[in-house]
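> First, the structure itself, so that you have it in front of you.
The values are calculated or read from the model by the stated rules, or taken from the named source; none is laboratory data. This one's a predicted model, so the numbers in the text were calculated from it and none came from an experiment. Neighbour counts run over all protein chains shown; Cβ positions are idealised from the backbone, glycine included.
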Amino acid sequence: MSRRSRTVLLVTVIAALSSATLAQAQPQSGIVRPTFEPSAPSRELGSQLFAGNCASCHGIGGTGIKSPRPGAGDILGAGPSLRNVGALSADFYLRMGFMPLASFHDQPGPEQERVLFSDKEVRSLIGYVASLGSGPAIPNPDPGAGNLSEGQSMFLSHCAGCHQIEGRGGFVTGAEVPPLQNVAATRIAEAVRIGPYLMPRFSTKQISDAQLNSIVKYVLSTNRPDNRGGWSIGNLGPIPEGLVAWWIGAPLLVISCRMVGRRRRRP
Ligand code: HEC
Ligand code: HEC
């Protein structure tokens, strides 16, 4: 290899390597940010971030877009009005990493979870969405004021059908039901009032704020369930525990019956 072609090769390799680092330094998705971000959260920052990242689906000023229409980059956008969803819904959807959706065909859910905004940006967006109408504020549940046994019985009647009695999650037709361990009190209260995806929405008539405190207290208590004695199989709830009884207990029963039977035959 001549000296010249070696130099050319070296330059090409360096160029390729540095463009790889440049590509990595790009944000992981197309979040649009103003060139200058103030140091504190503000409604102004919220409105700029909204215009760049949300308006293509939710419309200018959050009025909603019913039939899909092309926005920036000719990507089709559509989404519900955010006029009266309030800080409650914005806090939940943004902190769950559900928004912005990559495509309006997507269903917000655990697979989409990725929070692409900083805490300052999230607060700014929440403030902006809240200012669009008169929606509910971020709830402030007080589990200390709740009653554990009331919480457990409310959870049994309203939530356990999907989340299981110990809140360990499971499946319902069409959705994975998340486990509720290590979910913060505020998020539990938000989920109850919003009813994300297939989860029903509970009004204050169905579950009062005082009862919600009890439910939150019960859900938080499942983070460290006291062991009920016996053989712990991860507090999976009555159905899996019953299954274990059948799969292990039943064969043992058969075996011992046979042994007893055999012993009888001998004099
Ligand atoms: C690609 C389209 C798209 C983009 C971009 C998008 N959204 Fe959404 N958004 C939706 C759709 C569709 C729904 C309804 C989802 C559902 O509830 O099943 C939704 C729901 C919401 C909700 C819940 C509304 C309610 O009824 O409680 C909030 C809040 C929200 N979006 C905020 C935002 C914010 C803030 C941004 C920008 C950071 C954003 N969205 C970007 C499509 C989008
Ligand atoms: C019909 C089934 C169903 C019922 C009943 C139900 N949920 Fe859910 N819940 C779900 C599903 C499905 C999700 C996931 C939603 C998503 O992916 O957007 C969920 C999500 C949640 C979350 C968010 C979890 C997280 O990862 O942050 C909380 C908290 C929650 N539920 C609490 C409750 C409570 C408390 C009740 C009773 C008052 C209840 N749910 C009743 C199905 C249900």
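> Go through region 164-176 and give me each residue that's away from ligand 1 (no atom under 16 Å from the Cβ), closer than 17 Å to Pro196 by Cα and surrounded by 14 or more Cβ atoms within 10 Å (Cβ to Cβ).
Gly167, Gly169, Gly170
> Then there is this: Is there a residue in region 83-92 that is among the charged types (D, E, K, R), more than 8 Å from ligand 2 (Cβ to nearest atom) and not assigned by TED's automatic domain parsing to the domain that holds Ser67?
Within region 83-92, the first condition is being among the charged types (D, E, K, R), and the residues that meet it are 83, 91.
So of that shortlist, the ones also more than 8 Å from ligand 2 (Cβ to nearest atom) come out as 83, 91.
So of that shortlist, the ones also not assigned by TED's automatic domain parsing to the domain that holds Ser67 come out as none.
No; the residues of region 83-92 include none that is among the charged types (D, E, K, R), more than 8 Å from ligand 2 (Cβ to nearest atom) and not assigned by TED's automatic domain parsing to the domain that holds Ser67.
> Which numbered condition in (1) in the same structural domain as Gly61 (by TED's automatic domain parsing); (2) near ligand 2 (Cβ under 9 Å from one of its atoms); (3) under 22 Å from Asn223 (Cβ atoms) is the only one that Phe98 fails?
(3)
> Here's something else I'd like to know. Given the criterion modelled with pLDDT of 95 or more, farther than 21 Å from Asp91 by Cβ, more than 10 Å from ligand 2 (Cβ to nearest atom) and not acidic (Asp, Glu), identify the matching residue among Ser232, Ser153. Walk me through it before giving the result.
On the way: Ser232 fails: modelled with pLDDT of 95 or more.
One residue alone meets the criteria, Ser153.
> Across region 61-100, what is the total count of residues that are out of contact with any Gly (no Cβ under 9 Å at 6 or more places or on another chain) and on the phi > 0 side of the Ramachandran plot?
Looking only at that region, the number is 3.
This table checks each residue for (1) of a type in the set (Val, Ile, Thr); (2) away from ligand 1 (no atom under 16 Å from the Cβ); (3) under 18 Å from the mean Cα position of the chain (by Cα); (4) not assigned by TED's automatic domain parsing to the domain that holds Ser47.
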{"position": "Lys120", "(1), (2), (3), (4)": "no, no, no, no"}
{"position": "Ala137", "(1), (2), (3), (4)": "no, no, no, yes"}
{"position": "Ser153", "(1), (2), (3), (4)": "no, yes, no, yes"}
{"position": "Cys162", "(1), (2), (3), (4)": "no, yes, yes, yes"}
{"position": "Ile194", "(1), (2), (3), (4)": "yes, no, yes, yes"}
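> Can you name every residue in region 132-153 that is closer than 26 Å to Ala87 by Cα and touching a helix residue (DSSP H, G or I) at 6+ places or on another chain (Cβ under 6 Å)? Can you show your working first?
Just the residues of region 132-153 that are closer than 26 Å to Ala87 by Cα, to begin with: 132-146, 151.
Leu132, Gly135, Pro136, Ala137, Ile138, Pro139, Pro141, Asp142, Pro143, Ala145, Gly146, Gly151, listed by residue number.
> Quickly run through region 170-184 and pick out the residues that are among the hydrophobic types (A, V, I, L, M, F, W, C) and outside any strand (DSSP E or B). Explain how you work it out, then say what you get.
If we filter region 170-184 for residues that are among the hydrophobic types (A, V, I, L, M, F, W, C), which is where we start, we get 171-172, 175, 177, 180, 183-184.
Result: Leu180, Val183, Ala184.
> Can you list the helices (runs of 4 or more DSSP H) lying wholly within region 21-134 that have 3 or more residues being of a type in the set (Gly, Ala, Ser) and modelled with pLDDT of 90 or more? If you could, list the steps in order and put the result at the bottom.
On the way: elements: 43-53, 55-58, 86-95, 119-130.
So the answer is 43-53, 86-95, 119-130.
> Moving to a separate point now. Would you mind telling me which numbered condition in (1) more than 12 Å from ligand 1 (Cβ to nearest atom); (2) touching a residue at least 40 places away in the same chain (Cβ under 8 Å) Val183 fails?
Answer for Val183: the failing condition is (2).
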